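Inspection log for the structure reproduced underneath, given as structure tokens.
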Amino acid sequence: MPKTIKITYVNTSGDRVTVDGKAGQNLLQVARDHNIDLYGPCNGGGQSVDDYGEGPCCTECRVFIAKEFHDKVNPINGEEIEILDWCEDADENSRLACQVVLSEDCDGMTVALPVWDKESYWNKTD
């Protein structure tokens, strides 16, 4: 049975909620299991390039993970990097929640939800 892992999500107001996840789940699944408002219209369908053939396909479940956990989660791949490049506020702590698979080493991880006006993003003109 997978070990229970404590994950703390921090919203844009600074409110924190600590929930239980399991090794092998991704951050989007854990958020949804606990009714945390983390939007992901592709439903994490990009979780496995081998299974789905396309990898991640949107930026809406992006989060910021604490630096001390960068080497405790699965490495970021080129396709995720390319997608995160679409986000103006992406930095070295940015990941797609559907792509971050938890390991037992992730116990105590803090995940911040970014400020993002989805309406203006999808309606912007170039």
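The values are calculated or read from the model by the stated rules, or taken from the named source; none is laboratory data. In this text, all values refer to a predicted model and were calculated from it rather than measured experimentally. For accessibility, only protein heavy atoms count, side chains too; no ligands or nucleic acids. Shrake-Rupley method; radii C 1.70, N 1.55, O 1.52, S 1.80 Å.
Table for the structure above
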item	result
Distant-in-sequence amide H partners of ARG62 (H built 1.01 Å from N, under 5 Å)	ALA97
Region 57-114, relative contact order in percent, only Cα pairs under 8 angstrom and at least six apart counted	56
Residue-level accessible surface for TYR39, protein heavy atoms, 1.4 Å, Å²	110
Average projected area [Cα convex hull, region 1-42], square nanometres	3.2
Accessible surface of LYS3 - all protein chains present, 1.4 Å probe, nearest 10 Å²	90
Euclidean distance between Cα centres, region 59-86 to region 3-37, Å	16
